[in-house]
Amino acid sequence: MDGKVTVGRTAGLYVGAAVLRLAIFTLLPGIPDLLTGRVEISTPVTSFKRLQEGLFLYNHNVSPYDGGVYHQAPLFLPLFALLPNASSYPIFTYLLYIAVDLLSAGALWKIADSGEAASSALFTSPRKERRWSGFVIAAVFLFNPFTVATCIGRSTSVFTTCAILHAIAKAVSGNPFGAMVAISFAGYLSLYPFLLVPPLVLLCYDKQRSGRATKSVIPFAATSVSVVAGVVGFLFGMSYLITGSWEFLPSTYGVQLTLSDLTPNVGLWWYFFIEMFDSFRSFFLGVFWLHLSCYVGGLTIRIRQQPLAVLTLLLGIFGIFKPYPSISDTSLFLALVPLYRHVFPLMRYTFVIAAVILYASFLGPAFYYLWIYAGSGNANFFYAITLVWNLGQSLLVCDLLFAVLRDEWEVERPEMVGKEIRQI
Amino acid sequence: MPSITTFNTSRARSYMVRLPLFTRLVLLAILGFWLVGLQSVWDVRQWGALIPKEMGLATLYRMNTFPFIHLNVFHAVMNLLAIVPLLERFEAEYGTLTCLGLFFGPLTTIPSILYVLVEKGLGANTAVMGASMWVFTLLGLEAMRTYKLNPNLVILGYSIPTWTTPIGILFVIAVLVPNSSFLGHAAGLGVGYVAGFGLLKYLAPPEWALRWIEGKLNLLGRLPHYVSVDQKTYGRFGVLPSSNSSTGGSGVGLGLVGTSALALRRDPRMLKVPPYISLLCILVGAVWLFLLPLNEYSRRTYISENALLPGQVHTYFGGSDQNVFRAYKQEVNALAEQGKSNTEINGKLEEIVRGLGLKTARQNFTYAAAGRTYQGENLYAILQAPRGDATEAIVLVAAWENVKKEVNRQGVPLTLTLARYFKRWSLWSKDIIILFSPDSIAGPQAWVDAYHDAHDTSRVASLPIKSGALQGAIAIDYAQEHRFQSIHVVYDGVNGQLPNLDLINSVVNIAGGQMGMGVALQEMWQHNDQYPDRLRTMLRGMLKQGLGLASGPHSSFIPYHVDAVTLQPFGEGWQDEMAMGRVVEGTFRSLNNLLEHLHQSFFFYLLMQRERFVSIGTYLPSAMLVAANFTIMAIFLWMKSGQPAETSTADIKSGSESDKSTPPPTVERELFLPIGVVILCQTVSVIPLYLFNHVPENTLTPLFGLFFLINTILPPILSNLLTTFHRPTLQQYNLIKSFSLLLLGMFLSSLATLNFSLAMIIGLLSAPLSFVKPFPNSAAARAVCFALLNAISPAAVLLAGAAYWKLSVTTILTEAAVAWHVSGTYSSVLVWCVWWPAWLAGCVTVLGRPGDKEEEKNKTKKA
C-alpha cells in the first residue's frame, strides 16, 4: 500500500463507510431491530433496547433505574433525550452512531500515522518499514463486519470504543491531559477501561512533548490519576444532578461488578454463574475480576517498552474475559491489531485464528437458534460455541504477544534473527 | 526422556526402532499377556498375579509373572508408557544380559518377597499385578543417580534433596489412581533406593560370567538390538561410539530446538496426504449414509415420554357419529360442487361450528409470490377445555384443499364430526382449536404466524381470539372417497425441521397397534422392511428435508416448535372414516395427557421404516465428514501456498551463518486478490437469489435460460479479466480455492446442525470442487475440467432434477419462490449464496492460467 493519502481518498473512505451504514439502516429496515436483539451485539450493559426503556422512564420523570432493565450510564439519557424520538425519527440516531464510528476511525488513523506501534520512545522495531497507512487501518476498522454490525445494532459500546481510541490518539500525540479525560469518559461509560489507565499513563509519559516533560514517572502518574479522579468525580456529580440520586452507581457499575443480569452473551461469565451455587458466588466474582485485572500489571511491566502493545493486548483480553463482552469489544481489538503489521510475519497461527473466528461467528447464531427458537438444542450448544469463539480470540492475543516479544528479543539478540525458538 | 512438547513423529519412530532387546521382550510379553487375558477360558490374571496367600514352592513362578500381567488395557498402556523409557535407559547402560538377570532375579523377587511378608504380617491378602513395581524400582535407581550428580533442588530458598521426588510420585499415584498398591510400589521403590546406593553390583550376576556367555554364543552378532555387557571392547551396540547417538532425544540445548510442529509442517510428505484424507472423508461420509439402514446402525423406535400412553384408552368415536358424519358430508359436498367461494364456504362452516357451541373467528391473509397473490380466509374455532385453564391448546387442522389441490371431501366433515364429538367429552385438559384453512400451505402459515404474533400485519390479519400455548397439531388430509387401507404420516416441516419423534411414534402406535391399520412414511406405499426399502424411505425423507418445502398443513407449525403431523389415508381397504376418527381421537387423548411440551424424544432423526430410525449422533458424522473435507483442503492449500516461503526461509537459515545482518525475507502470501475474488463471487450471488425470488412466474423460464447462459460464460470471462489485469500466480489461485472452500466448509458444517440433509446434498454435489486445480499448460484439460464442472453446476443439477421428476423448470422455480415468501424456506439462499459462489470460484481456479511460478520463486530468492 502506498502511503500517499489525498483528501479525496480520505473523504471517499468516510463517505463510503457512512453510505454503507446508512444504506443498511434505510434500505433494510428490519436489520437494525434484528441486530439490536442479538445477544452477540447487545449485552445488558450496552443494549439499545434497554436504553430506550431507560429513556422512556427518564422522559416521564421516573428514575430510569426503576425496573432493573437499564444498566447504562446516566449521561446517555440527556444525550438521547435531545435527539428526536428514535422510533419516529430514527434517522437522527442513525446519524449519531455513524458519526461516532467515523470519529473512532479518525482517532485510529492518528494512532496509525504516529507509527507508535512500530517505534515507541524506548524501542524501535527492525521491521518498522513494513506497515500499513492510516487509511488502510481506518478502512479495515470501518468495513469490518463486526464494527458495522455493532453500529447497526446501535450498541452503546461504540461510545466507549470511541473514547478509548481517542484516549490512545491523544496519548500518542503528546497530550496527556486529553488522554486522561478521554479514558475517564470511557471508564465512566463502561467501567473496565479504568484498567487501561496504567499502560496509558506510561504511554503518555513516553510521548511527552520535550518542552514541558516531567522527569520522574511517579509524579507524572500521580498527576494523571488525579486528573482521572477529577474528571470521573465531575461526571458522577453530573449524573447525580441528572438522576437525583446515587442509585445509578449500583445499577450500572454494581451490575458489572456483581453480574446480577445473567443474559447470555459471547463471554465466559454468564454460564459459569448460572451454574454456580449461591454460597460460592461472591468468591468466584472476586476470582473472575481478579483474573481480569491481573493481566494489567504483568503486561505493563513485561512490555514496558511498548505501552501501545500492552493496550492492544489488554483490549483483546478484555474482549474475552470481561463480564459482558460483545463483538463490539472484538471489533475494537481487531481495529488495533493491524497496527502490528510489522510483526505479522512472526505470527504463527493466522490461518487457524481466522478460520476459528469465522467458524465461530457462523456457528454461534446457528446454535443460539437451535437453543432459543428451534428448542432442539440447549444452553450448552451456545456456550460451547462461545468457548470456541474465545479460543480463537485468545489464540490471536497469544500469537500477537509472542510476535511482539519475539520482535523485541531479536533486537536484544541479533544473532538469533531468523532462527526458530521455543518458549519454555 | 522425551517430553510432550518436543514430540516429533519421526523421532518417536526412530526411538521405537532403536529400543533394545530386553525392553522389546518386556513390551511384547506385556502385550501378549494382555491378549491372552482377552479370552475367558483361562483366567491368566488369577494364574499369574502375586497373591500373598497363594505363595508356596509351586507357585513361586508368580514372582516373575506378575509384572507382565495387567488388569485391563488402560493399566497396561499406562505402565508401558512409564516403563519403556526407564527400562531402555537401564538396559542401554548395563546390557541386555544383566537386565535379564536382574529383572528375572533380585529386582523382582526381593520387592515381591518384601511385599508378601508385609502383607502376611498385616494379615491382608491383596493380589497385585502389573509392571508398576519395576517402574518404581527404576525410578528409585534413577533418583539415586540424579542425587549423586545434583543433590539438591532449590525452590524459594529451601533445598529439597532430589532423591525424594519418587516418593512424591508414590503418594500422588496412591491418592489419584484407584486400586493402586501403595505397598507394592513402596517395596519396589525401597529396593530401587537400596540398589542405587551401589549395591546393584552385588545383586547382578558377575560380569565375567556374562561376558563369557556372550562371547561363546556370539549374542551380539546373532541377536538384533542386543546390548552388550562389555562396554569397552565393542561399545554397547557393537559399533564405535562416535557413529551412534545412544540416548537420542534427550539433552539437546534448551533454546534452539526445531519446534516439532514446524518440522512437521516442512515435511514434504505432509503436503501429499491431505487430498487423500479429503477424498477419504467424502467416501466415508457417503458410505456411512448407506450403512445407516442396516440393523446394526439403526434403532427401533420407542415411546420416550411416559405421559403419552398411546393406545391405552378406549376410543368411543363411532356409532351414531357416523350419521352425523354423513350429514356433514352432504353439506360439504354441496359446498364443493356449487363451487362456492372461500368466504361462502367459511360462512356455512362457521354456522355449523357455532351451532356446536364453539367460539369462532376468521382471519384474512394475502401473500404475493412469483407475481401471483395467494389470498384467503381462515376459519377457526376454540373448544375450551372443561378441565383446563386455557394455557395450553392442541390444534386439529382440516384444509379445504390439500397440497395436490384436491378438495378435502372427507377430512372437513370428519373434523366437524370430531369437533361435535369432542365437545361432548369432559376430559380435555387442553383447549382444542379447530382450524379450517382454504389451502394447505399459505392458510396454516398465516394462522400460525398470527397466533405467535410474528406476522406482517400488512398482509396477514391478527387473530381476534386466541388460546394458550400450542402443544401439538394434527392435520387431516382425507380426500379419497372410498374406504382406505392404511395411513400415510407426513412429518416434514419447513426447512427440514421435524416434529418430536414421540408424536410420530404415538400415531404409529395408535394406528398400527390399536386400530390395526398400516402406517406408511414418505410415500412408500409398500414397505417390506428390507434394506432397499429402508434406504429408499430414508433417501426420500432426506430429499424432502433438504428441499425444505412445506409438505402439508402441519409444516408451518414445526418452526414454532409445535409438533405436528398430517394424516393421510390411502389405499383400498376396509377401514372407514370412523376408524380414521378414532385414530385422531386416540392421538388427541395422548396429547391431552402431556404434562409438558414434547421434549423427551428426538428432534433430529431419519426414519427408514415406521418403527426404525437413526438419531443425530449416528448420522451427523457423515455430513460433518463431507463438510470437513472442504476445511481440510482449505488448510492444505493454505499450507501449500506458503510452501515457497518456507523453503526460502530454510535457505536463509542455512545461509545465515555467513551473513547475519540480513533480516529473514519472508515471502508473504498475496492475500488481497484472492480475498477480493472470493468476496466478489459471494456478492454476485445475491443477484440470482433476488431475481429468482422476485420475478413473476411467466418470466421465470426465460430468466432461467438467460441465467444458464451467463452461468456458462461468466467463469471464462471472469478468468480472462483476472489474467489480463493481474496475472495471478499459482499461489493466488490456490488461495482463491482455499478461501472459497473454507467458506463452503464453514457454511456446510453450520448448516449440518440445522438441516442435515441439505448440507449433505450440497456437500456431495460440490465435493469435486475440492479436487479442481489450474492447468497452466493444457488448454484441453482446462476445457474438459470446465465442462465437467458445468455438469454439476447448480443450474445443471436443477435441470437434471426437473427432467428426472418430470417437472417443468417453471414449476420448480415457482414452488421455490412461493416457499421463500410464504414459508420462509432458506434452501434457495444455500443454493445461490453458498453453493453457486463456491462453484464459481472453483471454475475460476480451473480456468486459471497462473503466471510463471519458477520465475516468481527465483525473484524472491534473489531478494
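The values are calculated or read from the model by the stated rules, or taken from the named source; none is laboratory data. All values derive from a computational prediction rather than experimental measurement. We place every Cβ from the backbone using ideal geometry, glycine too, and count neighbours over all the protein chains shown. The accessibility values were calculated without ligands, DNA or RNA, using every heavy atom of the protein model including side chains. Shrake-Rupley method; radii C 1.70, N 1.55, O 1.52, S 1.80 Å.
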Which of the chymotrypsin sites (Phe, Trp or Tyr not before Pro) found in region B:506-596 are in a DSSP loop and have at most 16 neighbouring Cβ atoms, other than their own, within 10 Å?
B:TRP525
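For region A:266-424, report the accessible area per residue in Å² (1.4 Å probe, heavy atoms, rounded to an integer).
Dividing the accessible area of region A:266-424 by its residue count gives 37 Å².
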Please give the charge dipole size of chain B, origin at the Cα centre, charges +1 on K and R Cβ atoms and -1 on D and E Cβ atoms. Round to the nearest 20 debye.
2400 debye
Enter the angle in degrees (range 0 to 90, nearest 10) between the Cα long axis of helix B:853-862 and the first principal axis of the Cα atoms of chain B, meaning the one along which they spread out most.
50 degrees
List the relative contact order of chain A as a percent without decimals, with contacts defined as Cα pairs under 8 Å and 6+ residues apart.
19 percent
Under DSSP H, which helices of chain A have Cα atoms covering 15 Å or more of the helix axis and a Kyte-Doolittle average no less than -1.0?
A:7-27, A:48-59, A:90-114, A:157-172, A:176-190, A:217-243, A:278-302, A:307-321, A:350-372, A:379-412
Around B:LEU289, under 14 Å between beta carbons, what's the net of Lys plus Arg minus Asp minus Glu among the other residues?
+3
Angle in degrees between helix B:577-593 and the longest Cα principal axis of chain B, rounded to the nearest 10:
50 degrees
What quantity of accessible surface, computed with a 1.4 Å probe and excluding non-protein components, is buried in total between chains A and B, in Å² to the nearest 100?
2900 Å²
Give the residue list of chymotrypsin sites (Phe, Trp or Tyr not before Pro) in region B:737-827 that are DSSP loop and have at most 10 other beta-carbon atoms within 10 angstrom.
B:TRP805
Where both residues lie in the protein assembly as shown, what percent of DSSP beta bridges are antiparallel, nearest 5?
65 percent
Which residue, A:THR330, A:THR214, A:THR124, has the most motion in a Gaussian network model of chain A that connects Cα atoms within less than 10 Å?
A:THR214
For a quick check of your reading of the filter: which trypsin sites (Lys or Arg not before Pro) in region B:280-350 sit in a DSSP loop and have no more than 16 other Cβ atoms within 10 Å?
B:LYS340
Relative contact order of chain B, please, whole-number percent, based on alpha carbon pairs below 8 angstrom and at least 6 residues apart.
12 percent
With a ≥ b ≥ c from the Cα gyration tensor eigenvalues, square-rooted, and the rule rounded for a/c under 1.5, otherwise prolate when a/b > b/c and oblate otherwise, region B:306-610 is rounded
Residues in region B:472-500 occluded by at least 10 Å² - accessible area, probe radius 1.4 Å, against chain by itself:
B:GLN497
With charges set only on the Cβ (+1 for Lys and Arg, -1 for Asp and Glu), what does the dipole of region B:306-610 come to about its Cα centre, in debye to the nearest 20?
220 debye
Long pairs among A:LYS110/A:LYS207; B:LYS329/B:LYS405; B:LYS404/B:LYS466; B:LYS359/B:LYS466; B:LYS404/B:LYS430, criterion Cα-Cα beyond 22 Å:
B:LYS404/B:LYS466; B:LYS404/B:LYS430
Using Cα-Cα distances under 8 Å and only pairs 6 or more residues apart, what relative contact order does region A:1-130 have, in percent?
17 percent
What is chain B by shape, rounded, prolate or oblate, if you read a ≥ b ≥ c off the alpha carbon gyration tensor as root eigenvalues and call it rounded for a/c under 1.5, prolate for a/b larger than b/c, and oblate otherwise?
oblate
Cα→Cβ-extended label distance, 7 Å offset, between B:LYS348 and B:THR164, nm:
9.8 nm
Other residues with Cβ under 11 Å from the Cβ of B:ALA461 give, with Lys and Arg +1 and Asp and Glu -1, a net charge of -1
Accessible area in the full protein assembly, largest first, 1.4 Å probe, for B:THR164, A:THR150
B:THR164, A:THR150
Looking at the square roots a ≥ b ≥ c of the eigenvalues of the Cα gyration tensor of region A:7-416, which shape do they give, rounded for a/c under 1.5, prolate if a/b is larger than b/c, or oblate?
rounded
Rounded to the nearest 10 degrees, the helix B:165-176 long axis (Cα) sits at an angle to the longest Cα principal axis of chain B of 30 degrees
Per residue of A:359-372, what is the mean number of Cβ atoms on other protein chains within 10 angstrom of that residue's Cβ?
3
